[in-house]
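Since every read-out is calculated from the coordinates, none of them should be taken as a lab result. All values reported here derive from a predicted model rather than from experimental measurement. Don't worry about glycine lacking a Cβ; one is built from the backbone with ideal geometry, like all the others, and counts go over all protein chains shown.
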Amino acid sequence: MLTSTVLQALALTGLTLAALLLVWFSLTLAATERAVSRVTRASLNNLILEIQTDTETSRFTKVKKIRKVQKVQELIGDRFATSGSCVFFRILSNVFDGVLFACIAFLGQGPLWAVLLIGLLGAVLVAVISILVRRSSSSNNRPVEVMLRHARLIALAVRLTPFATVKEGQHSSKSRKGQEELSDDEELEKIQLEQGRATIDRLVEANDFDSEVSEMLRNVLTLSETLTREIMVPRTDMICIEQTESLSDLLKLCSRSGFSRIPVIGEDVDDLIGVAYLKDAVRATAFNPQASDRPVSSICRQPMLVPESKPVDDLFHQMQRTRQHVAVVVDEYGGIAGLVTIEDALEQIVGEMEDEHDRTQHAEPEQIGPYKWKMPARTTINDLEDIFEVDIDEDDVDTIYGLLTKLLGRVPIVGMSAVTRGLRLTAVDSAGRRKKVSTIEVEPAQADDLTGEDDDMQHGADSDRADDSVEE
């Protein structure tokens, strides 16, 4: 009788330990199942680089750590197979937990219905706990650490479930169908962005954030999808200065354009010499007036070059690291595509930014003299023709800003003017952070000769259509 009691106690202890071991195994698989979907190849490559450059670690330890990281790289090579193996053994562990709990109840001399109920409730309880662990475990924040800690266990689970591995032929057939696989880091990043947007939408619906904050959060998530070419100032709108110009000319150009950083060029825009800073010119000439005649190339700084296909989030971080506020954008052929500033990247998050010097351009043309009008830069050429009763006849531009740009042959800045069809167009004001000309004054080129009736002004304008002229 005593021997039977001892054997029963030993059996009960063994079943309890086995059940607890399966519970631990199920929770571990739940955590690693979550980590598999969050580890990227880039993070593992960076970790290997850190291990190789660690001067405080011995060579033996480095090799050991690198082998473990390589094991994780093999596991995430097919995320479907690894995740499927984890799910399979987690479910199998839950089932065996239920069986072990039922056996423990049976050894306790319980009735049959109680044995079955305890086994069922035990399996369900372990399954619920594993799901909660999967959602709130450290694998959400430290997936690489979780995978490294349990790499051998997961590798064993994958080897024991060869049916979960996707064969090479199935991979190629999916590729032919154009289906993107989760094992690709780009697809993983896409899924994480979609999850982030869904989380923000839920927070907005719950009124946890106001509309402006939620919009900024959405904009942050779209930075990786926005390319530099979408936010840059195109080369046709760039304000540049030739390298032979003097520092005095640079100061005047900065004053008129409103910019403090001007690209310095040689023969053309593609012949980029560098970037001239207003503060460097002021520092050079403030206490040495003779330095005003020095060429701009003497204060040039090395330009920061970025490809036009660079994502805006990477551009923003690079400008932060290098402490650069302006970068020159190059196309795939090495030509200058445009200019981008750190403010351009910030505007993708917070929206349009204006400083205390920016002015809002007039909504409609305004007459300020007998034959003198002040017009917004976006005023159409048709409106200009109606006001002055002339025929501009320009098919490749639609606004007076475009007309002035065409006449000048470059981006207009405040103070520049040009004459066409007997009318003088003068840039008089700029607005916005990019200091783009916002207001243009239009008047007859020879106002003194046109003080008569309106029909006399019309005749004088028509007679002067032969030549166009440009002034600064």
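³J(HN,Hα) across region 310-316 via Karplus (A = 6.51, B = -1.76, C = 1.60, θ = phi - 60°), whole Hz, x for Gly/Pro?
6, x, 5, 5, 5, 4, 4
Let me spell out the model: positive unit charges on the Cβ of Lys and Arg, negative unit charges on the Cβ of Asp and Glu, origin at the Cα centre of region 47-111. What dipole size does that give, in debye rounded to 20?
260 debye
With N residues in region 1-154, what two-decimal value do you get for its Cα radius of gyration over 2.2 N^0.38 Å?
My calculation over the Cα atoms of region 1-154 gives 1.36.
Which far-off residues, 5 or more places away or on another chain, put their amide H under 5 Å from the one on E308, with H placed in the peptide plane?
Long-range HN contacts for E308: V330.
Which order results if Y401, Y333 are arranged by neighbouring Cβ count within 10 Å, fewest first?
Fewest-to-most ranking of Y401, Y333: Y333, Y401.
Over 30 Å between Cα atoms, which of K279/K436; K252/K374; K64/K310; K62/K310 qualify?
Pairs exceeding 30 Å: K64/K310; K62/K310.
If you place +1 on the Cβ of every Lys and Arg, -1 on the Cβ of every Asp and Glu, and leave all else neutral, what size is the dipole of region 2-164 about its Cα centre, to the nearest 20 Debye?
So the magnitude is around 540 debye.
Please say if region 232-344 is rounded, prolate or oblate, where rounded means a/c under 1.5 for a ≥ b ≥ c the square roots of the C-alpha gyration tensor eigenvalues, and otherwise the choice is prolate for a/b larger than b/c and oblate otherwise?
Prolate shape, in that a/c is at least 1.5 and a/b is the bigger ratio.
Which whole number in µm²/s is D for region 53-98 by Stokes-Einstein, with the Kirkwood Rh taken over Cα pairs at 25 °C and 0.890 mPa s?
The calculation lands on 188 µm²/s.
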